[in-house]
Amino acid sequence: MPERILRVAEASLAYNTNLDVRAYQALPDSEELNSLNQLTRLNLETSIGERFNVELFQTTYCIEESLIKHPLCKEPFIEIVKRGQKFHQGKGSTDIEREIAEVEGFEKIQAVLTDPDTNQTKVISISPRGRSSSIYQHNFFDVYEKNPNGTITMSRYTSKLSWNEFYQTTQDLDPFNNIPDSPKDADFLANPLITYKSIEKILEIMHPQEQTMTQMAYQKLLEACAPLIIDYLNTLSTNPGELIAQQKYAALCKFADVYTGHDRQIIDFRARLRIIDTVSKPQELPHLISYLSTQPIRQVATACGLSGNSRGESFSFTSLFRPFSVTEFGLLQNSCTDCGGAENHFHCP
């Protein structure tokens, strides 16, 4: 499966449409298009979920030769995590300790869940918000559980807990954990918890964040956004310029805000309904995208705060979202069988 070619101008870049453009330009042949479309769609849906603080993300992994793999990736998932860590370190990361800890933590998760004797065991990885200078500003925890059919389900929950509160929960979930007193974010990531408690009990202890979008609402939002997502994918397959991809992505974010009532400019109910109705009309979609992409877009708050522009809004294609983990950098990198991820190897478009 082709991976995106990643050239980063700043270490804090998380989701950049330019990377999508380059990935599609680097497609070796049309047979790989379906796989890349699936991965890109997953990335878009995840970014929408992050924008609205969805209460839960889920993904399913498989186990092959004692290694955890994602169905969309040919290589073991640990290799993606490692590659992301090495790449970001090479780009001057200021989160090196945390990112190395993430690799160490996933290795431990893999060791537990691929053990044939593992039964009814759940592994919890706590990912607290980083320090103020960190690019990792999400506060969440992942719960890994092996299913009867041998697959692994990972469920991600946002959380409102502080570092100290996270530490207190570790004693209830796994009294034999190796997390030290007064832990750093890296300590949580390097030492996943092992528990036999039910999901319900885990959530009771971990207190998922209250102000979140439900899964049902999130699925309805994705259904509403589907025409824009499909249009974005179709546009990428025709090798567009980077500006066009940015405009399409901006329109997607704007529409999602309008649909959910989060937009700050288009607040009239009838105007919102007209936009929501128009998105399902193929002949009118190009005009709608052109309009939405030129409008101010709500900036999702980050630890760096909001910066205004001349229209009283803040928007940056490179700062809408912050990465959850080094996995995202690993997925973005090129890892073809010819170059093995070498940084000095590029595919001519």
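The values are calculated or read from the model by the stated rules, or taken from the named source; none is laboratory data. All values derive from a computational prediction rather than experimental measurement. As a convention, Cβ positions derive from the backbone with ideal geometry for all residues, glycine included, and neighbour counts pool all protein chains shown. For the accessible areas, the whole protein counts, side chains as well, though only heavy atoms, and no ligand, DNA or RNA atoms are used. Shrake-Rupley method; radii C 1.70, N 1.55, O 1.52, S 1.80 Å.
Quick one: grab the alpha carbon gyration tensor of the stretch 32-106, order the square roots of its eigenvalues as a ≥ b ≥ c, and give me rounded if a/c is under 1.5, else prolate or oblate depending on whether a/b is larger than b/c.
In terms of gyration-tensor shape, oblate.
Under a straight-distance cross-link criterion of Cα-Cα below 24 Å, which lysines are reachable from LYS197, leaving out those fewer than 8 residues away in the same chain?
LYS108, LYS122, LYS146, LYS160
How long is the gain from GLN25 to LYS74 if the chain were fully straight, where each residue apart is worth 0.36 nm and the alpha carbon distance is subtracted?
Length gained between GLN25 and LYS74: 15.6 nm.
Please report how far the C-alpha centroid of the stretch 200-244 lies from that of the stretch 68-89, rounded to the nearest whole angstrom.
Answer, in whole Å: 22.
For labels at GLN209 and LYS160 in the simple 7 Å Cα→Cβ model, what's the distance in nm?
Modelled inter-label distance: 1.1 nm.
Taking 7 Å along the Cα-to-C-beta vector as the label spot, tell me the SER290-ALA111 distance in nanometres, rounded to one decimal.
5.9 nm
Once amide H atoms are placed 1.01 Å from N in the peptide plane, what residues at a sequence separation of 5 or more from ARG131, or on another chain, have their amide H within under 5 Å of its amide H?
Amide H neighbours of ARG131, under 5 Å, 5+ apart: none.
Pop out the carbon and sulfur fraction of the accessible area of the stretch 40-117 as a percent, whole number, probe 1.4 Å.
C and S atoms contribute 49 percent here.
Give me the extension gain from GLN137 to ASP172: residue separation times 0.36 nm, minus the current Cα-Cα distance, reported in nm with one decimal.
This chain segment gains 10.1 nm when fully extended.
What full-extension length gain, to one decimal in nm, is calculated for THR121 and ALA271 as 0.36 nm per residue of separation minus the Cα-Cα distance?
The THR121-ALA271 span can extend by a further 49.0 nm.
Which FRET efficiency, nearest 0.05, do ILE230 and ASN147 yield, Cβ-Cβ r, R0 45 Å?
For R0 = 45 Å, the calculated efficiency reads 0.90.
Quick check: at a probe of 1.4 Å, how many percent of the accessible area of the stretch 126-248 sits on carbon and sulfur atoms?
Carbon and sulfur: 50 percent of the exposed surface of the stretch 126-248.
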